[in-house]
Amino acid sequence: MSAAPQKAKPGGQQIPVVVSAVVPLNDLVTRFEFQCRDGGAFPPFSGGAHTVVEMKDGDLTRLNPYSLMSDPADSSTYAISVRREDGGRGGSLFMHQRVKQGDEMMISYPVNLFSLDLRAKKHIFFAGGIGITPFMAMIAQLERSNGNWELHYACRTESLGTYVDVLSYKYPNKVHIYYDDQNQAIPLEDLLDGQPLGTNAYVCGPKGMIDWVHAAASAAGWPDAQVHSEEFLKPEPGREFEVRLCKSGKTITVGENESLLEAIERAGVEAPFLCRGGACGQCETDVVKADGEFVHRDHWLDDDQHASGEKIMPCVSRFLGTLELDR
Amino acid sequence: MTIQFNDETFRDDYSFYNSDWAIKRFPFPFHEDSYMYAVNMEQHRGGPEGSVYEKRFDVDEHYVSEMRDRAMVLADDPLRCQSLPHMTLAGWDLLELIMVSKSEDYPDLFELHRDGNQWRWVNKPLGIDDTFTFLDETTLPYGPMEYITRQTQGDFCVLDQRDDMLWMDAGMVTTQADWSLDFDIGMNFFEWHAPVPLAHEKGIFKRALKFLLNIQQGAPARRLNWTMTVNPLLDTSPENYHIWGIQKTTLTPENIGSKQHLRVELQTFFRLPRSNALVFPIRCYLCSFQDLMTMPKWGRRLHRVVRDLPVELATYKGFIDNRPMMLDYLSQFDDGLPTSPGVWPDQETEPPLQK
Ligand code: HEM
Ligand code: FES
């Protein structure tokens with residue numbers, strides 16, 4: 001059809017916001033609250049959704065996804081909680097060091113790649129560290145509809161137990177906390193055993209934890225479709241490489257500390273994206289020629305597609321050698 | 001503009017008609033002189049003023065009569081509206097989307113007053129003024145999806161999204177082109193599309209699904225689909241095939257211009273915020289061949305499209321038997337002149353028929 005063709009904006013719709021509060025929670029984690037700049041209401045969202053926060057860092061535009069952790073029913077405020085990654089690529093440091101109450105920022109509309117299965121009779125949540133954030137919103141949503149849930153939350157130490165206090169106070173019977181430094185571990189096998197039929201499990205945390213829950217659930221006979229996980233990959237540094245962008249006739253160099261997607265954008269070439277974490281599929285790009293080795297890191301393409309060398313997800317994947325893309 | 005609502009029927013005496021305004025804004029679906037299935041999706045962010053693409057939910061002169069027809073279909077067959085238990089939240093999402101859109105886009109026809117969860121909805125064309133509590137089903141006469149879709153033109157499929165797949169877990173389907181909600185309920189995207197010819201082989205559904213899974217809040221999309229219907233029937237369901245199937249044999253060279261209708265579906269896609277479900281409204285527009293022929297460009301083009309359409313598609317769309325008679329009629333309006341690109345009639349620039 002060609003009724004009124006319009007180009008989609010890469011990254012989807014954005015909302016102009018003002019930072020309404022910056023609340024340090026412990027040594028590593030700070031909560032940022034946003035309000036709409038026009039004073040209006042935010043769109044409603046579903047528990048598990050994230051927003052992509054745009055950070056203007058000098059010439060650099062950083063775009064990082066963070067789970068929305070506020071109550072989905074509260075349309076006056078969105079909140080995210082950010083863990084400071086001292087060895088990271090700088091997004092979380094920017095948030096911690098530079099963002100102040102009253103700052104104006106742009107954030108994306110909510111996107112949910114980790115939603116509740118609303119058919120489930122019961123929801124069992126496994127959180128590790130900062131992986132608690134999507135569950136904060138899911139819990140608020142389920143409380144409102146009398147949903148049946150329980151949370152198992154592993155933290156390094158008591159002082160780093162982000163939101164342990166509120167959660168334990170409000171839901172003493174549903175929340176179970178485990179501290180690594182006290183050698184407490186989630187009794188996963190026992191928990192997976194004997195859940196009522198139709199229970200769904202959700203895990204958010206470090207990669208090791210996600211793999212552990214999937215493996216244990218599968219060994220205990222759980223159907224894959226009843227075990228949900230979310231892991232935002234971060235683009236990883238790597239060796240510099242050169243890319244020719246056929247459609248736009250440009251040749252670019254991807255630096256050690258930037259992603260292929262960021263390098264494409266830096267060259268002024270529009271490229272689609274949503275999650276910037278290898279999960280949504282939006283940035284999928286056709287490979288025209290490849291001389292070297294792929295470093296695929298996404299969760300989107302399947303093994304055959306990875307092996308074919310015909311596609312790459314530039315938000316997280318890299319290349320060793322020289323590459324030619326249909327972009 | 002204020003809309004003058006027609007008093008008309010889509011059954012029995014078929015008094016349905018299109019005004020000149022409705023003909024001019026008819027969503028003619030062919031942007032070139034041939035047609036094949038494609039992943040023909042674009043953003044749904046408005047369109048030219050007065051066109052059916054302008055508003056999120058188009059309201060036109062057929063509104064009141066279409067809603068009357070829907071109520072009759074539901075009275076005969078309540079299974080045209082179904083919602084699996086986990087889809088109630090998505091129903092509220094849909095109710096909110098439509099009420100907000102219509103009250104903003106047509107403030108003279110619809111009003112929504114919200115005070116927290118206490119909502120008042122005023123639908124002037126249908127004479128409705130209801131107060132209810134948002135998210136409390138006991139305060140509405142029907143479930144939220146049924147309540148709002150009894151007041152909105154077009155069919156609605158509400159798809160749950162799980163495991164990178166869409167599931168037809170709720171819907172209001174009374175104006176469909178020969179498929180059945182009762183049959184498709186609970187099916188997934190590939191299962192309900194199984195009867196469609198050629199498109200699977202071309203990989204169209206795989207790509208379409210990837211696109212749909214990624215539709216985001218605030219960024220709706222749309223596409224057009226089309227078929228042919230004899231008599232201006234909205235309800236061409238398998239359940240009632242015994243009633244309308246036989247009408248296809250009543251076509252004659254004399255009555256084809258008024259009886260044969262091009263049926264166009266404006267399909268839109270919206271992500272629903274609270275449930276993360278997807279809603280797929282399918283809005284049906286009908287236009288008789290003789291009305292279409294008032295636009296010279298459409299006359300030339302429709303003849304060429306129908307003539308060259310692959311047999312598989314003409315068969316699936318149910319007009320293979322009548323195609324020769326259609327071509328006899330349509331060829332009178334094709335003088336062989338070239339047509340301008342795009343769907344618009346281009347009345348000012350396209351030459352009149354040279355025959
Ligand atoms: C989630 C949204 C969608 C729903 C609920 C839906 C539903 C349906 C149904 C029920 C049919 C009739 C199948 C039958 O014969 O029983 C159909 C036909 C079809 N669908 Fe979809 N569909 C959706 C999205 C799409 C998209 C995005 C495409 C894009 C290419 C598409 C392409 C088609 C085609 C080509 C046909 C055949 C239509 C004809 O020739 O008349 N559908 N769809
Ligand atoms: S942007 Fe989501 S996978 Fe690359």
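Tabulated data
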item: Relative contact order of chain B, defined on C-alpha pairs under 8 angstrom at six or more residues apart (%); result: 20
item: Relative contact order (%) - chain A, alpha-carbon pairs under 8 angstrom, separation at least six; result: 15
item: Shielding by other protein chains, A:255-267, mean Cβ within 10 Å; result: 0
item: Share of pairwise Cα separations in chain B, more than 36 Å, in percent; result: 19
item: Residues in region B:80-96 occluded by at least 50 Å² - accessible area, probe radius 1.4 Å, against chain by itself; result: B:His86
item: Chains A and B together, accessible area buried on both sides, 1.4 angstrom probe, square angstrom; result: 2600
item: Sulfur and carbon atoms: percent of accessible area, chain B [1.4 Å]; result: 54
item: Accessible area of region A:14-112 divided out per residue, in Å², using a probe of 1.4 angstrom; result: 39
item: Coil-residue trypsin sites (Lys or Arg not before Pro) of region B:15-53, DSSP, other Cβ within 10 Å capped at 16; result: B:Arg45
item: Solvent-accessible area lost in complex, 40 Å² minimum, residues of region B:244-288 relative to chain alone, 1.4 Å; result: B:Pro273, B:Arg274, B:Asn276
item: Å² of accessible area per residue within region A:241-325, as computed with a 1.4 Å probe and no ligands counted; result: 44
item: Net +/- balance of residues flanking A:His228 in space, Cβ distance below 10 Å, scoring K and R +1, D and E -1; result: -3
item: Chain A: calculated mean residue ellipticity at 222 nm from DSSP helix runs of at least 4, using -39500 (n - 2.57); result: -5000 deg cm²/dmol
item: Percent RCO, i.e. relative contact order, over region A:49-129, from Cα pairs under 8 Å lying at least 6 residues apart; result: 34
item: Candidates A:Arg98, A:Arg31, A:Arg276: whichever shows maximal mean-square fluctuation once chain A is modelled as a Gaussian network with Cα springs under 10 Å; result: A:Arg98
item: Cβ crowding within 10 Å averaged over residues, with A:63-71, A:130-138 ranked highest first; result: A:130-138, A:63-71
item: Residues of type lysines that A:Lys289 reaches as a straight line, Cα spacing below 23 Å, ignoring anything fewer than 8 places off in the same chain; result: A:Lys247, A:Lys250, A:Lys311
item: Peptides ranked, highest mean first, by Cβ atoms within 10 Å: ranges B:170-179, B:191-200; result: B:170-179, B:191-200
item: Region B:92-170: chymotrypsin sites (Phe, Trp or Tyr not before Pro) in DSSP coil with no more than 16 other Cβ atoms inside 10 Å; result: B:Phe134, B:Tyr142
item: Degrees, to the nearest 10: B:204-213 long Cα axis against longest axis of chain B; result: 30
item: At least 40 Å² accessible surface lost relative to isolated chain, residues of region B:178-225 (1.4 Å probe); result: B:Lys210, B:Asn214, B:Gln216, B:Gln217
item: Dipole magnitude (debye, nearest 20) for the protein assembly as shown, charges at Cβ of Lys, Arg, Asp, Glu; result: 860
item: Within the accessible area of region A:203-318 (1.4 Å probe), percent carbon and sulfur; result: 46
item: Nearest-ten-degree value, helix B:88-105 long axis tilted from longest Cα axis of chain B; result: 70
item: Average accessible area per residue (Å²) across region A:122-230 - probe 1.4 Å, nucleic acids and ligands excluded; result: 46
item: Farthest positive-ward along chain A dipole, Cα basis, beta-carbon charges - from A:Thr77, A:Tyr179, A:Gly205; result: A:Thr77
item: Cα centre as origin, Lys/Arg/Asp/Glu Cβ charges: chain A dipole, Debye; result: 820
item: Nearest 10 degrees, 0 to 90: helix B:296-308 Cα axis against chain B principal axis; result: 90
item: Carbon plus sulfur fraction of accessible area for region A:14-112, probe 1.4 Å, in percent; result: 44
item: The protein assembly as shown - convex hull of the alpha-carbon atoms, volume per residue in Å³; result: 179
item: Highest-fluctuation residue, A:Arg297, A:Arg62, A:Arg119 considered, GNM on chain A with Cα pairs under 10 Å; result: A:Arg119
item: All-pairs alpha carbon distance profile, chain A, 10 Å steps from 0, percent; result: 5, 24, 31, 25, 12, 2, 0
item: Value at 222 nm in deg cm²/dmol, rounded to 500, when DSSP H runs of n ≥ 4 in chain B each add -39,500 (n - 2.57); result: -7500 deg cm²/dmol
item: Most mobile of A:Ser108, A:Ser248, A:Ser46 in a GNM of chain A (Cα contacts under 10 Å); result: A:Ser248
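The values are calculated or read from the model by the stated rules, or taken from the named source; none is laboratory data. Just so it is clear, the model here is predicted, and its values are computed rather than measured. Here the Cβ is made from the backbone with ideal geometry for all residues, glycine too, and neighbour counts use every protein chain on show. Quick note on the areas: whole protein, heavy atoms, side chains included, nothing else; ligands and nucleic acids left out. Shrake-Rupley method; radii C 1.70, N 1.55, O 1.52, S 1.80 Å.
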